[in-house]
Structures are given as C-alpha cells and as structure tokens.
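K.L.:
Dropping the structure in here first, questions after.
Bear in mind these aren't lab numbers, they're just calculated from the coordinates by the rules spelled out. Because the structure is predicted, anything quoted here is derived from the model rather than measured. Cβ coordinates were reconstructed from backbone atoms using ideal geometry, including for glycine residues, and neighbour counts include every protein chain displayed.
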Amino acid sequence: MSNYLQTILGFARPVHLWTWLLFSGGLALFSLVSLRFLYFDSVFCGGDTAGAAPGECFYFLRSHVARLGIKTHLWCILPSSILAGAQFIPVLRRPANVRIHRVIGYASIVLALAGTVAVLPLIRHAFGGELAAQAVTALLLVLFLIAQVAGYAGSVVSLRIISTLTAVAISFIGGYYSAMPCDKINFAMGSREETLQWYPECSPYFTEDNVFQKAVVDADLFGPNLMQLAAALNLTYGMSAWLALVFHVVGSELYIRSTLRPVGFKKDVRKSG
Ligand code: HEM
C-alpha cells in the first residue's frame, strides 16, 4: 500500500512519503474528516460529542461575531488545508503541472488568511480560555499570517493527538482539575437540575447572587459527565499546542532541507555538465 502511494504520488523515497503524511498529508486528511463540521447547527453545535468539545458552543452561539468567526474559520481553513496538503505532493510539483500548482497555491493562501483572521474573536474563550491557551492560539494566528508554512499548519493535528493522549494520561493519574464558569456548565448540561446535581456550588449562579460563579471540575476523559471530558481537553490544550508547534517547526526545516537540496544539486550538476 505504501509502495503504491509512493509511486502514484511521486515520492522518491518512502521516508518522504511518511514525512509528508506526518506534516502535510495528515493535516489534509484531518481536514477532510472535519468537513462534517460545516453542518454547523446539526453537527458542530448539534449537542452531542460528535462536534465541538462540550461547552465550546456556549461561546460560539452567544454572539454573532463569534458565530461568524468560527463558521468562517471552518469554511476557509478546511478547504485551504486540503489544498495545502496537495501542494507538497511531488507529482503536482512537476513542471507539467506548474499551472495547477500555482492556482492551488493562491487559493490555499487566500483561504488560509481569511480562516486565520476569523479566529480573532474566539481567542478569549477557546479551549478553556486559559492564559497559556490564549497565548499559543494568538501565536499560531501570527505565525499563520506571516509564515504561511503548511508544515507548521500540521501542528493543529499533532496538538490534538498530544492533547488526547495527555488527557488519557491525566485521567488515569487523577487529581487534575479545572475551574469552569457555571453558565458554560449549564449550557453544556442542558438543565439547571443536572448542573446542580453535579455542581451544587453553582447555586449562586441560578439565584443570581453571583452570575460569574465557577465550579471545580475534575479532569477525567472517562468521567460520568461531559464537563469532565471538557476539563481534561482544556487542561491539556495549552501544553500540547506549544509542544506540537516546536515539533513542527523543527520537522518542517528537516523536511525542506532533505527534499529540496538534492533537486538544486542535480540541476547545478546538469548545468555545469
Ligand atoms: C491549519 C489548519 C487548521 C485546521 C485544519 C483547523 C481546524 C479546526 C477545526 C476542525 C476546528 C473545530 C473544532 C475542533 O476540531 O477542535 C477548529 C477550531 C478552532 N481553531 Fe482551527 N484549524 C486550523 C488552524 C487554526 C489556527 C492557525 C488557529 C489559531 C490561530 C486555529 C484556532 C482555532 C480555534 C480558536 C478554534 C475553536 C476551538 C474551540 O473553542 O473549540 N485554528 N479548527
């Protein structure tokens, strides 16, 4: 299978195919699978676990700007990432396909820019809204706007893998927790009764004695309520995004050096011969 893929996509060596899958192709596949989120009301914010992490839609749905932001992000960034993954396939980089390569490149960049700017109104509350999460999301935004390197873009997939694995680990270790606002918990749980059953400390929120009341939620991916899953994912996002970013910056450099140098070298040899 990998030999077949290597041949039809035009990779010279298996290691190049695997590096592409890791840094660009994986992003394209992730984006293909995520296209279902374009059904915003029925799938992404549809209420079950198939869409956004529990509670995230509380912020997306309560303001028009945030709603527009996440919708624009998904509608632009997903097609852009699919196109960007294709750009690194050697058959599309051959001289005969240079026009296709150019059109895909421009389309991908324009969509990526629009999809990235659209994240601005989401930064404050995304992935739990911790300061480390805000900082890394803002950094990704800046990197995307100035660098436009598809290899860095792959970090959004790696971060989800690292975040899920770390969430599993902290769920087994136990003792990790996160403070969450009661309005968000109430939105995700769907009723006052259920919210108070799990988090009685939210009572001042419902009596309006403190509309900003928070509750402490155990981080546990396998816990009995969805907020525990959300707490585990929120806690691990900041750290995972930083790690994934470093990993991809280094990986992209190695990939570019190992695939581009020999081409230039051969050209020079031919010219001089
Ligand atoms: C490179 C391509 C990207 C892809 C394929 C992508 C994909 C997605 C997807 C599928 C979601 C839906 C929720 C989820 O799966 O967690 C999402 C949400 C989000 N993305 Fe991206 N994204 C990309 C780049 C970025 C960048 C560069 C930033 C930061 C500037 C960013 C920030 C966000 C934010 C803040 C959310 C909302 C998360 C939440 O609160 O649940 N994304 N993205």
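K.L.:
Among SER171, SER31, SER2, which comes first, then next, by fewest other beta-carbon atoms within 10 Å?
P.N.:
Working: SER171 19, SER31 23, SER2 11.
Fewest-to-most ranking of SER171, SER31, SER2: SER2, SER171, SER31.
K.L.:
Additional query: Please report THR7, THR72, THR236, THR19 as a ranked list, fewest other C-beta atoms within 10 angstrom at the top and most at the bottom.
P.N.:
Values: THR7 11, THR72 17, THR236 27, THR19 21.
With the sparsest Cβ surroundings first, the list reads THR7, THR72, THR19, THR236.
K.L.:
Next up: Based only on other Cβ atoms within 10 Å, what is the fewest-to-most ordering of TYR176, TYR59? Mind dumping the intermediate values first?
P.N.:
Values: TYR176 17, TYR59 22.
Ranking TYR176, TYR59 by Cβ neighbours within 10 Å, fewest first, gives TYR176, TYR59.
K.L.:
A further question follows. So who's got an amide H within less than 5 Å of the one on ALA215, skipping anything under 5 residues away but keeping other chains? H placed 1.01 Å off N, in plane.
P.N.:
MET180, CYS182
K.L.:
Right, another one. Quick one: go through region 172-201 and flag any residue whose amide nitrogen is under 18 Å from the point 7 Å out along the Cα-to-Cβ line of VAL211.
P.N.:
Label zone hits: 181-188, 192.
K.L.:
Any cysteines in the chain with zero other Cys Cβ atoms under 4.7 Å from their Cβ? List them, or say none.
P.N.:
So, CYS76.
K.L.:
If we restrict to alpha carbons, what Rg and Dmax does region 2-154 come to, in Å?
P.N.:
When restricted to the Cα atoms of region 2-154, Rg and Dmax are 17.0, 50 Å.
K.L.:
For region 56-140, which trypsin sites (Lys or Arg not before Pro) are in a loop by DSSP, counting at most 13 other Cβ atoms within 10 Å?
P.N.:
Passing sites in region 56-140 are ARG124.
K.L.:
If you don't mind, there's one more thing I want to ask. As I understand it, the value is the acute angle between the Cα axis of helix 155-173 and the longest principal axis of the Cα atoms of the chain; what does it come to in degrees, rounded to 10?
P.N.:
Between helix and principal axis, roughly 40 degrees.
K.L.:
I've got another one for you. Starting from the amide H of HIS125, placed 1.01 Å from N in the peptide plane, find each other amide H under 5 Å away whose residue is 5 or more places distant or on another chain.
P.N.:
none
K.L.:
Still on this structure, I have one more. For q values of 0.10 Å⁻¹, compute log₁₀ I(q)/I(0) with the Debye formula on a Cα-only model of the chain, without solvent.
P.N.:
Computed log10 I(q)/I(0) values: -0.59.
K.L.:
Tell me the angle of helix 131-146 to the major Cα principal axis of the chain, expressed in degrees between 0 and 90 and rounded to the nearest ten.
P.N.:
30 degrees
K.L.:
Here is a follow-up. Using helices alone, what [θ] at 222 nm do you get for the chain, with -39,500 (n - 2.57) per DSSP H run of 4 or more residues, divided over all residues and rounded to the nearest 500?
P.N.:
The per-residue figure over the chain is -21000 deg cm²/dmol.
K.L.:
For the chain, find the longest principal axis of its Cα atoms and tell me its angle to the long axis of helix 64-87, 0 to 90°, nearest 10.
P.N.:
Once rounded, one gets 30 degrees.
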